[in-house]
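Structure record follows, encoded as structure tokens.
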Amino acid sequence: MLKSRMTRDDGRAPEEIRRRNLGALLRHVHLHGPLSRAALGTRTGLNRSTIMALTADLAAAGLVRESGLSSTGRAGRPSVVVRPESERVHVLAFDVAVDRLAAARVGLGGTIIDRRDAVRSRAGADLDVVVGVLAELGRELRHGTPPDSVCVGVGASYCGMIRPSDGMVRFGPDMGWVDQAFGAELGRRLGLDLPVLVGNEAHLGAMAEHQRGAGVGVRNLIYLHGDVGVGGGIIVDGELLDGDAGYGAELGHMMVNPYDGRPCGCGSRGCLEAEVGERALLDAADRPAGLIGREAVRAVVDAADHGDPAARDALRRIGDWLGIGVANLINLFNPGLVVFGGMLRDVYRGSAAQVRARIAENVLPVSRERVRLSVSTLGDDATLVGAAELAFAALLADPLAGARPGSSPAAAPPVTHPAG
Ligand SMILES: [Zn+2]
């Protein structure tokens, strides 16, 4: 889903090499911030004159700015610093979770420049309402954009199974969405003449943690995202493992307790999310049925911290099921890192001992030699950051086409300001 895409096929090898090199250089400053030309040379293996020519092209396209001198050049020689044009070049990123909506203008380089948040109601939050709120948030964000700013893409994270080709939500069990044309409808309502790329929230969270969070430098990782249910993203050798049609890594529906397990929103029974999701934890802690949401989950973990016996028992039980799921995943994929994101950050905080005990008991000894467990370092922004990276993908694959309005399907016209 997030793999590089060629936007042209002109068959000319030197042009393709140049495009790839431009993309690699831009990706380095996008992910790592300002870098000297010398550092870029070291990271890409390109020689000094090639770097100079390519960064001049990126600067002419308005994607980077070359300024100042860094004293970290080879042999102590000062080297020009290349910075992403974070204020000028941006994307719009949207995040649809079960209980909340978020929108952000994210600059090249990954900085969230401006953001808006809204509450999503669990009752009656249908496509029209959700897209209407997001489009309004998008309008507010564009209103505050500098005149020479260029929107180069739009990305969205959704808490369900997504068809990557057109952003159709095929199945979102928590809100009962089936075959809802979310990406197309959001694109139409935004009116930016840009496609809206949509990804599954846990897939995007996995990529975000891999590129900018707890998993930087880790080639193989598993990301478990807790919203009301549980989603998953698996990175193998730096690439998202998204399956034949984009619906892979539904780790929340891995069956862990088929015989007397709790019913799952997917129609099955004993899925991991049925045993460790929000309702499972709140029921295990004897919380009233009407109590829902992230704060309620956090309150159980805090109560356990303060010695509440029911909360402690609940976290022991939930942590055991979570550990069983994680043990299966470690045996299957031999990851270097397992990251707990979203609501599972809180659950893991309160149940790490049970998770580790299951790993010690159930994971093959050689498979657990190197694996680390961590909470998401991007926190609640992991999925939003992932949506932004999805929106930047076309620009990074072909920087000069992506920066030139109207020259590629992913290119953006300059953002216009509403009158008044
Ligand atoms: Zn299920």
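Does Ile162 qualify as being of a type in the set (Val, Ile, Thr), outside any loop (DSSP other than H, G, I, E, B), in contact (Cβ under 8 Å) with a residue 60 or more places away in the chain and out of contact with any helix residue (DSSP H, G or I) (no Cβ under 7 Å at 6 or more places or on another chain)? Taking the combined requirement at face value, the residue satisfies it. Being assigned to a helix (DSSP H, G or I) and hydrophobic (A, V, I, L, M, F, W, C) holds for only one residue in Leu291, Leu329, and it is Leu329. Looking at segment 76-91 only, could you name the residues that are part of a strand (DSSP E or B) and either within 27 Å of Ala102 (Cα to Cα) or without any contact (Cβ under 8 Å) to a residue 24 or more places away in the chain (or both)? Within segment 76-91, Pro84, Val89, His90, Val91 meet the criteria.
Residues in segment 203-250 that are over 25 Å from Asp346 (Cα atoms) and acidic (Asp, Glu) were compared, and the one that is farthest from the chain's Cα centre (by Cα) is Asp244. Of the residues making up segment 320-332, just one is in contact (Cβ under 8 Å) with a residue 40 or more places away in the chain, in contact with a Ser or Thr (Cβ under 9 Å, 6 or more places away or on another chain) and surrounded by fewer than 24 Cβ atoms within 10 Å (Cβ to Cβ), namely Ile330.
With respect to Val131, is the statement that it is modelled with pLDDT of 95 or more, crowded, with 21+ Cβ neighbours inside 10 Å, of a type outside the set (Asp, Glu) and not in a strand (DSSP E or B) true? For Val131, the condition - modelled with pLDDT of 95 or more, crowded, with 21+ Cβ neighbours inside 10 Å, of a type outside the set (Asp, Glu) and not in a strand (DSSP E or B) - is met. Of all the listed residues (Ala245, Ala310, Ala289, Ala284), the sole one being surrounded by 16 or more Cβ atoms within 10 Å (Cβ to Cβ) and either in contact with a helix residue (DSSP H, G or I) (Cβ under 7 Å, 6 or more places away or on another chain) or over 18 Å from Pro173 (Cα atoms) (or both) is Ala284. Could you grab me the full set of residues in segment 238-260 that are assigned to a loop (DSSP other than H, G, I, E, B), within 14 Å of the ligand (Cβ to nearest atom) and hydrophobic (A, V, I, L, M, F, W, C)? Scanning segment 238-260 gives Ala249, Met254, Val256.
Does Gly252 satisfy being farther than 22 Å from Ile292 by Cβ and either modelled with pLDDT under 95 or touching a His at 6+ places or on another chain (Cβ under 9 Å) (or both)?
In short, no.
Of the set (1) surrounded by fewer than 24 Cβ atoms within 10 Å (Cβ to Cβ); (2) among the small types (Gly, Ala, Ser); (3) over 20 Å from Ala93 (Cα atoms), all apply to Ser149 but (3). Kindly indicate whether Ser70 is in contact with a Ser or Thr (Cβ under 7 Å, 6 or more places away or on another chain), of a type in the set (S, T, N, Q) and under 30 Å from Arg294 (Cα atoms). It is false that Ser70 is in contact with a Ser or Thr (Cβ under 7 Å, 6 or more places away or on another chain), of a type in the set (S, T, N, Q) and under 30 Å from Arg294 (Cα atoms). Run down Gly233, Gly265, Gly215 and say which single residue is free of Cβ contacts under 8 Å to residues at least 40 places away in the same chain, under 21 Å from Met343 (Cα atoms) and not acidic (Asp, Glu). After ruling out the rest, the residue left standing is Gly233.
Can you name the condition, by its number, that Met343 falls short on among (1) within 16 Å of the ligand (Cβ to nearest atom); (2) within 23 Å of Cys159 (Cα to Cα)? Every condition holds for Met343 apart from (1). Which ones in segment 172-183 are over 18 Å from Thr383 (Cβ atoms), assigned to a strand (DSSP E or B) and hydrophobic (A, V, I, L, M, F, W, C)? Val178, the sole residue that qualifies. Got a sec? Which of Val228, Val216 is part of a loop (DSSP other than H, G, I, E, B), in contact with an Asp or Glu (Cβ under 9 Å, 6 or more places away or on another chain) and surrounded by fewer than 17 Cβ atoms within 10 Å (Cβ to Cβ)? Selected residue: Val216, the only one of Val228, Val216 that is part of a loop (DSSP other than H, G, I, E, B), in contact with an Asp or Glu (Cβ under 9 Å, 6 or more places away or on another chain) and surrounded by fewer than 17 Cβ atoms within 10 Å (Cβ to Cβ).
Name the single residue, out of those in segment 268-279 being assigned to a helix (DSSP H, G or I) and either more than 12 Å from the ligand (Cβ to nearest atom) or hydroxyl-bearing (Ser, Thr, Tyr) (or both), that is surrounded by the fewest Cβ atoms within 10 Å (Cβ to Cβ).
Per the stated criteria, the residue is Arg279.
The values are calculated or read from the model by the stated rules, or taken from the named source; none is laboratory data. Quantities reported herein were computed from a predicted structural model and do not represent experimental measurements. We place every Cβ from the backbone using ideal geometry, glycine too, and count neighbours over all the protein chains shown.
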